[in-house]
Amino acid sequence: MSALSDQLVTFAILAYLVAMICHAVEYALGNARAVAPAARELVGVGVGGAGGLVDTPAAPVAPPARVDRSAERARLFGLVAVGITVLAAALHLAATVTRGIAADRMPWGNMYEFVLTISFIGTAAWLGVLWKRPSLRRLGLFLTLVMVLLLAFAELKLFVEVVPLMPALQSYWFIVHVSTISFSSGIFLLGAVPAVAFLIRNGYEQGKRSFPYTLAQRLPTAAGLERLTFVLHAFAFPIFTFAVIAGAIWAEAAWGRPWGWDPKETWAFISWVVYAGYLHARATPSVRRNVATWLAILGFLTMLMNLFGVNFFFTGLHSYAGVD
């Protein structure tokens, strides 16, 4: 089962990569737009000349039928990309489940398994959002890019062989705490995608035409992206809060104290404060939307620090990454 899980992860990465390429083709073809038909330009001959009018053809333009075909091909590639993303998610889920079966426990015992879980939750949540809002499909380019990078990094740098759960984690609080922290982290991961897209699109709508704002030409409107960012974070934050509280209760039972400013606990608290600050700023009319969104991105960076940085650079009671 462990070998099967490893193979399924590889296939999932390849499927996400193909989906990303299809989204990129849709993104490129979506630039086609209808152009006015060619018209003749009437130009006066120079002063003192015979005085007359000449026909000067306008620049060549694409026929409307060709533009329509390009738009239809873009839509087809977008639908194919979504279908392949569904396939990738199924492979991703199967890899996570078979890993758990091989370990005879929930597949959350180390950082490799945790990344597998939260990235799958992010993809599953994205497919749910897409089901409700098909107009957001082009965000799939960025989502699949994140999935390829995360899973490739997990496979190359975080992979460890299946091992039994260490004694400190053998508790029913393991399921309560880690399931909720995984779920909320996956939603925060997804929420970072429209947050970044909003900042780029908002700059584009304000007239900025330098890179990276040119990438936003075919993204959904800034208002829609900002709303989606808020909804995802407002949904994930209470679950994350419960996860932190559950972790404190578990720490009391396991170590005799609910909080000890362990590096993982400290960064979880920092993330909680930043995300709370984002939601507060978002609810404050005097705070501009782009300022509040920067707080959401900062919150995600603290989550990455908690997930990767703490395990690589610090040693504490939560050092369960399984990597050196």
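The values are calculated or read from the model by the stated rules, or taken from the named source; none is laboratory data. It should be emphasised that the depicted structure is a prediction, and the values quoted were computed from it without experimental measurement. With ideal geometry, Cβ positions are generated from the backbone for all residues, glycine too; neighbour counts draw on all protein chains shown. Side chains included, ligands, DNA and RNA excluded: accessible areas come from the protein's heavy atoms. Shrake-Rupley method; radii C 1.70, N 1.55, O 1.52, S 1.80 Å.
Worth pointing out:
- Residues being more than 18 Å from T229 (Cα to Cα) and part of a helix (DSSP H, G or I) - total across the stretch 259-303: 8
- Residue, nearest to N110 (Cα to Cα), within the stretch 275-309, restricted to residues that are within 17 Å of the chain's Cα centre (by Cα) and among the small types (G, A, S): G299
- Restricted to the stretch 21-39, and to residues there that are β-branched (V, I, T) and at pLDDT 50 or above, the residue that is farthest from the chain's Cα centre (by Cα) is V25.
- Restricting the stretch 150-176 to residues that are within 21 Å of M303 (Cβ to Cβ), at pLDDT 85 or above and open to solvent by less than 40 Å² (accessible area, probe 1.4 Å), the residue that is nearest to the chain's Cα centre (by Cα): L150
- Test: residue in the stretch 110-122 that is open to solvent by 50 Å² or more (accessible area, probe 1.4 Å) and either over 17 Å from A192 (Cβ atoms) or among the small types (G, A, S) (or both): no
- Just one of the listed residues (L141, L158, L165) is closer than 25 Å to A24 by Cβ and among the aliphatic types (A, V, I, L, M), and it is L141.
- Residue match in the stretch 236-255 (condition: over 25 Å from V115 (Cβ atoms) and modelled with pLDDT of 95 or more): no
- Residues of the stretch 201-253 satisfying the condition of being in contact with a helix residue (DSSP H, G or I) (Cβ under 7 Å, 6 or more places away or on another chain), under 20 Å from E26 (Cβ atoms) and open to solvent by less than 30 Å² (accessible area, probe 1.4 Å): A216, L219, P220, L225, L228
- Verdict on L127 being in a helix (DSSP H, G or I) and over 25 Å from F313 (Cα atoms): yes
- The residue pairs whose first member lies in the stretch 291-309 and is surrounded by 19 or more Cβ atoms within 10 Å (Cβ to Cβ), whose second member is of a type in the set (D, E, K, R), and whose beta carbons are closer than 6 Å, counting only pairs six or more residues apart or on different chains, are A292/R282.
- The test for being assigned to a helix (DSSP H, G or I) and not hydroxyl-bearing (S, T, Y) does not hold for E161.
- Cβ-Cβ under 8 Å pairs, at least 6 apart or on other chains, the stretch 108-136 side on the phi < 0 side of the Ramachandran plot, far side of a type in the set (V, I, T) and in a loop (DSSP other than H, G, I, E, B): G109/V163; N110/V160; N110/V163; N110/V323; M111/V323; Y112/V160; Y112/V323
- Residue-level check: of (1) among the aromatic types (F, W, Y); (2) farther than 25 Å from T302 by Cβ; (3) touching a Leu at 6+ places or on another chain (Cβ under 8 Å), F211 misses just (3).
- Single match in S171, S210, S185 (criterion: farther than 30 Å from A103 by Cβ and among the small types (G, A, S)): S210
- Applying the set (1) at pLDDT below 90; (2) farther than 28 Å from A216 by Cβ; (3) among the acidic types (D, E) to E72 leaves exactly one unmet item: (2).
- Single unsatisfied condition, I187 versus (1) open to solvent by 30 Å² or more (accessible area, probe 1.4 Å); (2) at pLDDT 95 or above; (3) among the aliphatic types (A, V, I, L, M): (1)
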